[in-house]
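The values are calculated or read from the model by the stated rules, or taken from the named source; none is laboratory data. For clarity, every value in this text was computed on a predicted model and none was experimentally measured. Cβ: placed from backbone, ideal geometry, glycine included. Neighbour counts: every protein chain shown.
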Amino acid sequence: MNGRDMSGNLVEFAVEGGRFVDGEGPETVDLQKRTVLPGFVDSHCHIIPMGLDLQKLNLSGLGSREQVLDAVLEWHSRTDSSTWLLAVHYDQTRFSDGAHLTCHDLDRVVPDRPVLLRHSNGHASVANSAALKRAGVGPETPDPPGGAYGRDANGSLTGVLLERSHEFVTSKAPEPTLEEMTDAVMRAGRRMAQFGITSATDMMTGRWNLERELLAYHRAAQDGCPVRLRLSMQWGTVLGPRRIEPGRLREILSAMDEERCKSIGLKIFADGAIGSATAAIHGEFTGGGNGTLIYQPDRLRAMVLAAHSEGWAVAVHSIGDRSTDLVLDAFEATGEPCRHRIEHVMLLSDRQIDRLARLNPLVTMQPEFLMRFRHSYRRQLGQERAFRLKRARSVLDAGLRLSFSSDAPIVPGDPWDGIRTATDRPEGFDPNENIELESAVRLYTRAGAQANGDEEWGGEILPGAWADFQVYDGDPGESGPVEVWRGGELVASN
């Protein structure tokens with residue numbers, strides 16, 4: 001095969017047995033010297049939720065309460081009223097005053113059917129009274145640790161759900177079946193393949209039922225899911241209160257073809273998100289408060305140490321700078337911080353970057369956030385603090401092991417949106433943190449494979465690596481791939 005790389009240089013390669021090989025291979029395709037890149041690796045997304053969300057009410061871009069309520073009413077009128085009405089990409093920061101809808105607003109348009117609007121950041125939601133009742137949440141229900149039920153000045157529930165409260169009410173909606181989960185993986189895989197993604201990591205496996213979700217990923221891989229599947233399981237489903245029987249877990253994982261589907265470790269949430277003012281920050285949000293720690297420092301440290309001692313790599317969600325200090329404390333306590341990953345790190349000081357360089361954990365960022373949620377970040381943090389979010393250039397210059405990813409379905413998840421944002425940050429964000437195009441592509445290919453523990457086989461067009469690549473007719477940054485190959489097999493064409 002032959003093609004051109006991003007710089008126009010001739011690239012020649014052969015494929016045999018699903019891998020790149022030296023010399024001539026038996027599998028020959030004439031690429032007519034089109035541009036060829038390694039397949040993208042999305043090392044942090046949510047695959048089953050992505051597939052399920054494609055069938056829910058999408059509220060993205062709606063900028064007023066009236067628009068949201070009209071959309072909810074219209075969806076209600078044409079869907080099965082015996083089921084929950086689930087919507088995604090609700091964002092109150094788009095409203096003129098930035099204030100949330102309430103359960104009373106939703107009750108006026110859909111009074112009897114449970115309604116749940118999930119925030120665009122995935123860390124909050126708004127429920128109507130029927131959903132609160134179905135979840136058993138009432139005026140006397142206490143806030144759970146690491147979460148809060150919104151209340152007005154009189155102490156009455158508003159329907160706003162933050163962090164653990166959001167998770168609790170969401171969990172009362174009917175769980176998807178094994179068949180629905182498997183179908184969701186396949187649907188998400190096809191969507192990602194259209195973007196040129198050939199490997200993706202589910203960064204919260206076990207949201208509903210760990211055994212069922214693992215089986216769904218395993219089945220989808222066997223059924224030909226076009227992307228390689230990597231799974232980071234929720235800590236609580238392996239070592240915590242929702243723990244699956246260890247023998248059964250080993251049985252399921254050992255049955256997987258690791259080239260197509262495998263577990264890469266455990267996931268822990270340390271804080272929330274900026275859009276819902278639940279990221280744990282030093283200082284305060286513009287509306288007051290300094291966010292939410294999901295676990296107290298001693299508990300977080302104990303969880304990381306427990307996973308480490310059991311041989312698991314840990315990926316910890318930390319968006320705020322306050323939670324990042326605590327995550328790094330926990331990583332350092334293991335004695336081998338380089339085994340673990342920290343996800344997002346949106347707010348970083350120079351001191352924290354220096355500390356990350358010393359401890360050397362893997363670091364993931366999602367530059368697409370700046371394009372999708374800039375309005376939210378400025379409203380919640382103020383312009384001065386939002387200016388320095390996502391310090392990719394500083395992190396690279398410090399020598400950190402950085403990779404890019406999407407966190408889809410929080411965002412649509414086209415890697416080129418992330419690449420364009422990283423190379424040309426939107427107005428209002430520090431342009432000194434821009435990086436070069438070649439670096440951004442590498443962070444979505446080779447670096448993503450390294451973050452997933454696939455550095456021997458993924459993210460490069462080199463002999464011995466998986467034959468995962470994408471082909472473009474013109475400038476890759478201007479149009480999507482026309483062909484996507486995984487393991488030497490054509491899995492998508494546009």
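Overview of values
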{"item": "PRO463 being in a loop (DSSP other than H, G, I, E, B) and under 29 Å from ASN58 (Cβ atoms)", "result": "no"}
{"item": "Filter result for LEU462 (of a type in the set (A, V, I, L, M, F, W, C), surrounded by fewer than 16 Cβ atoms within 10 Å (Cβ to Cβ) and touching a residue at least 40 places away in the same chain (Cβ under 8 Å))", "result": "yes"}
{"item": "Any hit, the range 336-354, residues being at pLDDT 95 or above and more than 30 Å from GLU436 (Cβ to Cβ)", "result": "yes"}
{"item": "Residues within the range 330-359 that are buried (at least 16 other Cβ atoms within 10 Å of the Cβ) and of a type in the set (S, T, N, Q), tallied", "result": "2"}
{"item": "Residue pairs meeting the criteria (Cβ under 7 Å; at least 6 apart or on separate chains; first farther than 16 Å from LEU328 by Cα and in the same structural domain as SER323 (by TED's automatic domain parsing), in the range 301-313; second of a type outside the set (Val, Ile, Thr) and outside any helix (DSSP H, G or I))", "result": "GLU310/LEU239; TRP312/GLY265; TRP312/LEU266"}
{"item": "Which listed residue, of GLN366, GLN383, is over 26 Å from GLY480 (Cα atoms) and either touching a helix residue (DSSP H, G or I) at 6+ places or on another chain (Cβ under 8 Å) or in contact (Cβ under 8 Å) with a residue 12 or more places away in the chain (or both)", "result": "GLN383"}
{"item": "Residue in the range 322-332 that is in a helix (DSSP H, G or I) and over 24 Å from the mean Cα position of the chain (by Cα) present", "result": "yes"}
{"item": "In the range 168-182, residue modelled with the lowest pLDDT [restricted to those that are under 21 Å from GLY275 (Cβ atoms) and crowded, with 18+ Cβ neighbours inside 10 Å]", "result": "THR170"}
{"item": "Conditions (1) without any contact (Cβ under 8 Å) to a residue 40 or more places away in the chain; (2) within 17 Å of SER199 (Cα to Cα); (3) of a type outside the set (Phe, Trp, Tyr): number failed by ASP424", "result": "(2)"}
{"item": "Residue that is surrounded by the fewest Cβ atoms within 10 Å (Cβ to Cβ) [pool: residues in the range 258-314 that are under 18 Å from GLN234 (Cβ atoms) and of a type in the set (Asp, Glu)]", "result": "GLU310"}
{"item": "Hits in the range 402-416 - residues which are buried (at least 18 other Cβ atoms within 10 Å of the Cβ) and not polar (S, T, N, Q)", "result": "LEU402, PHE404, ASP407, ALA408, PRO409, ILE410, VAL411, GLY413, ASP414, PRO415, TRP416"}
{"item": "Test: GLY159 is touching a Ser or Thr at 6+ places or on another chain (Cβ under 7 Å), modelled with pLDDT of 95 or more and either assigned to a helix (DSSP H, G or I) or of a type outside the set (S, T, N, Q) (or both)", "result": "yes"}
{"item": "Residue match in the range 297-305 (condition: modelled with pLDDT of 95 or more and touching a Gly at 6+ places or on another chain (Cβ under 6 Å))", "result": "no"}
{"item": "Criterion (surrounded by fewer than 24 Cβ atoms within 10 Å (Cβ to Cβ), outside any helix (DSSP H, G or I), assigned by TED's automatic domain parsing to the domain that holds THR278 and acidic (Asp, Glu)) met by exactly one of GLU384, GLU456, GLU438", "result": "GLU456"}
{"item": "Whichever residue in the range 205-247 is among the aliphatic types (A, V, I, L, M) and under 26 Å from PRO38 (Cβ atoms) and, among such residues, is nearest to the chain's Cα centre (by Cα)", "result": "LEU231"}
{"item": "Some residue of the range 352-370 being in contact with a strand residue (DSSP E or B) (Cβ under 9 Å, 6 or more places away or on another chain) and basic (Lys, Arg)", "result": "no"}
{"item": "Contacts under 9 angstrom Cβ, first residue in the range 87-109 being assigned by TED's automatic domain parsing to the domain that holds SER60, partner assigned to a loop (DSSP other than H, G, I, E, B) and of a type in the set (Asp, Glu), 6 or more apart", "result": "THR102/ASP152"}
{"item": "All positions within the range 159-204 that are under 27 Å from PHE40 (Cβ atoms), without any contact (Cβ under 8 Å) to a residue 60 or more places away in the chain and within 18 Å of the chain's Cα centre (by Cα)", "result": "none"}
{"item": "Given (1) of a type in the set (Val, Ile, Thr); (2) in contact with a Cys (Cβ under 9 Å, 6 or more places away or on another chain); (3) in a loop (DSSP other than H, G, I, E, B), index of the condition THR201 fails", "result": "(3)"}
{"item": "Whichever residue in the range 476-487 is in a loop (DSSP other than H, G, I, E, B) and within 11 Å of ARG34 (Cβ to Cβ) and, among such residues, is modelled with the lowest pLDDT", "result": "PRO476"}
{"item": "Residue list for the range 19-48, filter: surrounded by 15 or more Cβ atoms within 10 Å (Cβ to Cβ), modelled with pLDDT of 70 or more and of a type outside the set (Val, Ile, Thr)", "result": "ARG19, PHE20, ARG34, LEU37, PRO38, GLY39, PHE40, ASP42, SER43, HIS44, CYS45, HIS46"}
